[in-house]
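Data first, discussion second: the structure below is written as structure tokens.
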């Protein structure tokens, strides 16, 4: 894949950058931001990562993690270029009322104004008319933004060090479920093989991502699974409430992969996970297998994502928000 020339030229000709991921950053967002920050600094650029939310504790092992700042202020913004990674709207970053010199976007999600009910087959780079950015590279068929970052760094002739390689590997590994998800591509495997050749230890990354649960997280998971409901009969619904967080002492960020576990049941093709992040405010995660397009469902509620992985946020009682979703799922 080749990044657009205007994106590369904007990076080459400018010197000061702010890198901003989406709110509640995940492994792809974190790895992409950290890799891009180190590479741009190696090219003599002045770079800061700014996140509305703090670095999730499970990513604190990554190289350069101390540079992932949630000081969400932007001094001298008008002399800085904003690079948004792993999302393609300002709303998803949390940035409000800030004037930057330029805005660039590198992402692999379907554009927020897409009709999610349509076929999601795309060309190498999605055509996004009237996009707010000055230059963008949005490739929804890419399994991870980290893979796009790799190609951007090659286009910039940046040296990919071991630490950069680890961050890119983590980004790709996270969004492909360590290469288990259907979005895994030949290019992602080829690039990750190159990263291993540079010095990445896949076992180390996998263990840090998946085998480092706190006791509180395990207790929360146990509570959630004990209340798991099955509908339709191939739809699972799991819930974590504010009271469950208080009872176990677990953190919201520790539920990041909970939605994937019910898909281990051979009869479940669609997994729904409700997480209460504030009283009667819910983060809803959807995961599917096969031809079920959960991006269409999330789009109906103002969210989005990918065909087999999407989400949205909604307010109301659990009974209300669950009922609305189950009614929508009857139409699938």
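Restricting to the range 48-79, name every residue that is assigned to a helix (DSSP H, G or I) and farther than 14 Å from residue 26 by Cα.
Initial filter on the range 48-79 (assigned to a helix (DSSP H, G or I)): 57-59, 65-67, 77-79.
Selection gives 66, 67, 77, 78, 79.
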- Message: Among the numbered criteria (1) over 22 Å from residue 214 (Cα atoms); (2) surrounded by 15 or more Cβ atoms within 10 Å (Cβ to Cβ), which one does residue 266 miss?
- Response: (2)
- Just to be sure, is residue 121 modelled with pLDDT of 95 or more, in a loop (DSSP other than H, G, I, E, B) and either crowded, with 18+ Cβ neighbours inside 10 Å or on the phi < 0 side of the Ramachandran plot (or both)? no
- Query: So which of 299, 304, 249 ends up being more than 15 Å from the chain's Cα centre (by Cα), crowded, with 20+ Cβ neighbours inside 10 Å, farther than 15 Å from residue 237 by Cα and in contact (Cβ under 8 Å) with a residue 24 or more places away in the chain?
  - Reply: 299
- Item | Subset of the range 59-71 (residues that are under 17 Å from residue 251 (Cα atoms) and touching a helix residue (DSSP H, G or I) at 6+ places or on another chain (Cβ under 7 Å)) | 59
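How many of the residues making up the range 223-266 are assigned to a loop (DSSP other than H, G, I, E, B) and farther than 21 Å from residue 292 by Cβ?
Of the range 223-266, the ones assigned to a loop (DSSP other than H, G, I, E, B) are 227-228, 232-234, 241, 249-251, 256-257, 265-266.
Applying the additional criterion that residues be farther than 21 Å from residue 292 by Cβ yields 227, 241, 249-251, 256.
Count: 6.
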- Could you tell me whether residue 219 is in a helix (DSSP H, G or I), at pLDDT 95 or above, over 21 Å from residue 26 (Cβ atoms) and touching a helix residue (DSSP H, G or I) at 6+ places or on another chain (Cβ under 6 Å)? yes
- Long-range neighbours under 8 Å by Cβ, at least six apart or interchain, first residue farther than 24 Å from residue 233 by Cβ within the range 265-284, second assigned to a loop (DSSP other than H, G, I, E, B) and at pLDDT below 95: 283/24
- Item | residue 93 being assigned to a loop (DSSP other than H, G, I, E, B) and crowded, with 18+ Cβ neighbours inside 10 Å | yes
- When residue 63 is run through (1) modelled with pLDDT under 95; (2) touching a strand residue (DSSP E or B) at 6+ places or on another chain (Cβ under 6 Å), the failure sits at (2)
- Starting from residues that are touching a residue at least 40 places away in the same chain (Cβ under 8 Å) and buried (at least 20 other Cβ atoms within 10 Å of the Cβ), keep the ones in the range 39-55 and report whichever is farthest from residue 217 (Cα to Cα). 40
- In the range 179-212, the residues that are outside any helix (DSSP H, G or I) and either within 17 Å of residue 145 (Cβ to Cβ) or in contact (Cβ under 8 Å) with a residue 40 or more places away in the chain (or both): 179, 181, 182, 183, 184, 185, 212
- Query: touching a strand residue (DSSP E or B) at 6+ places or on another chain (Cβ under 8 Å), assigned to a loop (DSSP other than H, G, I, E, B) and modelled with pLDDT of 60 or more: does that describe residue 133?
  - Reply: yes
- Message: Go through (1) surrounded by 15 or more Cβ atoms within 10 Å (Cβ to Cβ); (2) within 21 Å of the chain's Cα centre (by Cα) for residue 277 and report which single condition fails.
- Response: (1)
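Tell me which residues, restricted to the range 80-100, are more than 21 Å from residue 27 (Cα to Cα) and out of contact with any helix residue (DSSP H, G or I) (no Cβ under 6 Å at 6 or more places or on another chain). Write out each step before concluding.
Restricting attention to the range 80-100, the residues satisfying the condition of being more than 21 Å from residue 27 (Cα to Cα) are 80-81, 96-100.
Scanning the range 80-100 gives 80, 81, 96, 97.
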- Message: Residues to consider are 6, 2; find the one that is surrounded by fewer than 21 Cβ atoms within 10 Å (Cβ to Cβ) and either assigned to a loop (DSSP other than H, G, I, E, B) or in contact with a helix residue (DSSP H, G or I) (Cβ under 8 Å, 6 or more places away or on another chain) (or both).
- Response: 2
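The values are calculated or read from the model by the stated rules, or taken from the named source; none is laboratory data. Small disclaimer: the values here were computed from a predicted structure and weren't measured. Note: ideal-geometry Cβ built from the backbone for every residue, glycine included; neighbour counts use all protein chains shown.
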